[in-house]
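Enquirer: Before anything else, here's the structure in question.
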Amino acid sequence: MGSGSPDEPSIVVAKDNNALVIHALDEAAERLGLHIGQPLANARAMCPDLKVFDADAVADAKTISDIADWCDRFTPLVALDPPHGLFLDITGCAHLFGGEAALLQTLVRALGRQGFAVSAAIAGTSVCARTLTRQASGSIVADGGEAAAISRFPVSALGAGETISTGLRRAGLKTIGDVASRTPSEITARFGARFSTLLAHALGQGDAPINPRKPLPDYIVEKRFAEPIATDTMIAMTLSRLADTLIASMEKQGKGARRLEAAFFRTDGAVRAIMVETGRPVTRSAVVDRLFRERLDALADPLDPGFGFDMVRLSASRTEIVVQEQRDLDAHVHDNDELAALIDRIAARIGGKRVVVHLPEDTHIPECAVLAAPAQHHLAVALQAEWPARTESEPPLRPLRLFDKPEPINVPFATVPDGPPHQFTWRRALHAVVRVEGPERIAMEWWRQDGKQLTRDYFRIEDAEGLRFWIFRDGLYEGECFDDDGKPAPPGWYVHGLFA
Amino acid sequence: MSGARRSALATLRGQIERIETAEVVHHRDRVALGHSEADSALKGGLARAAIHEVFCDGRHGAAATGFVTGLAGRVTTRKPLLWVRQDFSEIETGALSMSGLAEIGLDPRRMVMVRAADVESALRTSADALACDALGAVVLELWGETRQFDLVASRKLTLAAQSSGVTGLLLRMAAQPLPSTAETRWMLRAAHSPPGPVWSAWGAPRFDAELLRNRHGPCGRWIMEWKCDECQFSESSAYPQPVAAAPAHRPDPAVFANGQRLAG
């Protein structure tokens, strides 16, 4: 809102019921008597030289989310209060910033410097604090003083909606104190249970929990800098020190981290969070350090310090109890640990989904017989998996390389029905068939009703050059394949894999 | 030749000898492939803790994959195998199939696959993996010519392999052999099944393997066959010969086929 000169009235308009109405306005416009919800045509008539901007809901949401990210520096519990509000649960945090008054002042000043108009208040319940921001920004209400603090404010400050506010005014209840003086049953009967709950919360009788944007991490350590840091060395050093502290505090409770998040708070308000996950609980700070180095190294859009970071936070958002084992005597266990550590490092660098192990699936359909699962989470399962045993003294029955999607081939002329082709064209090259083995018939799973799938006859084929293919005919001759008119059509042929 | 020059040459020769023997100390650990001629050319077998390159034409990708899988199966029987591949090669030659791997005689449980998006991340990952001694072998599968895989990158891989004792296998499909620090360099082609009636048993993986470079021995070219049950290579005369005698006035079909392939 900070843009534009103070004398020139500017408004933001949004479309409401096919009319452009004022969505937000600045102080100069407010002085002219314009108000939110007024049609743009009326506003123009009152003041021809208005500056008009279009509302952008997505950009608004992004901005409020960025501000919420920035507010993470005060407390991990930040909740959105749409459309323009934020709740911060500062229980137990205020002393870190020199008390509630100092915290409020720091927050309002810092946001003000960034060009935002802020009204903020602290109270025992979230609804009371929100009511205060509308009328008495900057106030701090002690526990138990809620009712007294808000009783003189108009009912519209409760934010219960236009209908209820008008209804209350018509009933002669102008201030919140007036409304509170009636018995709750009267209010509920006239304005509904929701409003009476809202009122009770505003008066400090009970509180609704806020809905934080992120779950509270199990462990948090952070470092603030009077002088912002910007160099890679300093960032790396800070991270490794934070890792030491984090691991030390987790060790006391016998925990190891499975998911770690480093948040970098830039002086200009931007916050960048970087996450690494591990397959096994991490209990050594050197490992944490290395994982973050790999991750930072491989970032597609690198960490931009701008004018420097004034705070770095490391949190463990997922932890697990670590069972201490005697490992030195069993080299095999040690090997598996090393492998898991290597997988974690590679995953930190290129992404967890790109490192996979394979699990057998109980199906005959070749492309579905194997499931690739992220190695970080499924390594132990994969090592114990039961694969179907191969038939002794048989050549390989399944190809070494399998196409994800079978590739169509062109079989130039029909051979014996149900027989293999004599030659075929694949990728613009003609292959003459020298040896054939088959067919191996694989019927589709009729008990799964996902569309009509055709029976396949697979052939193992060697061409004149010695290349070996696994080809199949999709559908039986004159049994399954029909063209658009319902007449039998020749089935299609596909290459599904290549043998060594 | 003057005396000074002769002594300088002798010094250089001595240096080369020292460098090479220093490597030989590392490479003493060799594993026999099972093919006697190839093993004798390789001085006992394939060296562990070194890099071996397998090149092939684009069409012979599956055969080269089979050969590399065989080498990996020889090098390690118990330790895990890390297979790093570029996304593009999966589109071109298909994905490595675990059922197929099991049919070849390797254990899919020991296989960890890394799907690298590009050559840089594939190279970096495999260098990292080669330094981890919990692995038995690292396979790096690249498709096409790459600028990134130069002598420096190759040296990096070799050093990592030497320090950890892990064997590195490079599968270079649709690429031309270039100088590198590899211990051996192979050119792979698919080989015909042995002559015989069309309906006779066939299908065991057969390779026409040409050893292009061997740091510590001669080169050669052999037809090698992979025994899936024994998990080793062997000579190619595994199948019974046709009962009917080959006509005397025509060349042997195997030789004929060989010549044809060379010409093509």
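Enquirer: Give me the percent of accessible area attributable to carbon and sulfur for the protein assembly as shown, probe 1.4 angstrom.
Expert: Taking all protein chains in place, the protein assembly as shown shows 54 percent carbon and sulfur surface.
Enquirer: In sequence order, what are the phi-derived ³J(HN,Hα) couplings for the range A:452-460 according to the Karplus relation 6.51 cos²θ - 1.76 cosθ + 1.60 with θ = phi - 60°, rounded to whole Hz, with x for glycine and proline?
Expert: Values, residue by residue: 7, 10, 9, 5, 10, 10, 9, 10, 9 Hz.
Enquirer: What accessible area per residue, rounded to a whole number of Å², is obtained for the range A:219-323 using a probe radius of 1.4 Å?
Expert: Here the per-residue accessible area is 50 Å².
Enquirer: Among the aspartates and glutamates, select those whose C-alpha is under 13 Å from the C-alpha of B:Lys43, and discard any that sit fewer than 8 residues away in the same chain.
Expert: B:Asp29, B:Glu183
Enquirer: Where does the Debye-calculated log10 I(q)/I(0) of the protein assembly as shown sit at q = 0.05, 0.11 Å⁻¹, using only Cα point scatterers of equal weight, no solvent?
Expert: Evaluating at q = 0.05, 0.11 Å⁻¹ gives log10 I(q)/I(0) of -0.44, -1.16.
Enquirer: Here is a follow-up. Given the rule -39500 (n - 2.57) for each run of at least 4 DSSP H residues, summed and divided by the residues of the protein assembly as shown, what is its mean residue ellipticity at 222 nm, to the nearest 500 deg cm²/dmol?
Expert: -10000 deg cm²/dmol
Enquirer: Ballpark to the nearest 100 Å², how much total accessible area do B and A bury together, probe 1.4 Å?
Expert: The summed interface area works out to 5100 Å².
Enquirer: I would also like to ask the following. Provide A:Val12, A:Val52 ordered by accessible surface of protein heavy atoms (probe 1.4 Å), highest first.
Expert: The most accessible residue leads, giving A:Val52, A:Val12.
Enquirer: Probe 1.4 Å, all protein chains in place: accessible area of A:Ser165 in Å², nearest 10?
Expert: Answer for A:Ser165: close to 10 Å² accessible.
Enquirer: What is the P(r) of the range A:171-260, as percent of Cα-Cα pairs per 5 Å bin from 0?
Expert: 2, 10, 14, 12, 7, 8, 6, 6, 8, 8, 10, 7, 3, 0
Enquirer: With every protein chain in place, what's the accessible area of A:Ile36 (1.4 Å probe, Å², nearest 10)?
Expert: 110
Enquirer: Amide H neighbours of A:Arg435 under 5 Å, counting only residues 5+ apart in sequence or on other chains, H built in-plane at 1.01 Å?
Expert: Under 5 Å from the amide H of A:Arg435 lie the amide H atoms of A:Glu462, each far enough along the sequence or on another chain.
Enquirer: What would the Debye formula give as log10 I(q)/I(0) at q = 0.11 Å⁻¹ for the alpha-carbon point model of the range B:1-154, no solvent?
Expert: -0.53
Enquirer: Would you work out the Kirkwood radius for the range A:401-499? I mean one over the mean of 1/r across all pairs of different Cα atoms, in Å.
Expert: 14.1
Enquirer: Tell me, what are the semi-axes, in whole angstrom and largest first, of the equivalent ellipsoid of the range B:84-229 as set by the roots of 5 times the Cα gyration tensor eigenvalues?
Expert: After diagonalising the Cα gyration tensor, the semi-axes are 27, 19, 16 Å.
Enquirer: Another question about this same structure. As a test, work out the antiparallel percent of DSSP beta bridges whose residues both lie in the protein assembly as shown, rounded to the nearest 5.
Expert: 75
The values are calculated or read from the model by the stated rules, or taken from the named source; none is laboratory data. Keep in mind that what you see is a predicted model, and the values were worked out from it rather than measured. Ligands, DNA and RNA are excluded from the accessible area calculation, which covers all protein heavy atoms including side chains. Shrake-Rupley method; radii C 1.70, N 1.55, O 1.52, S 1.80 Å.
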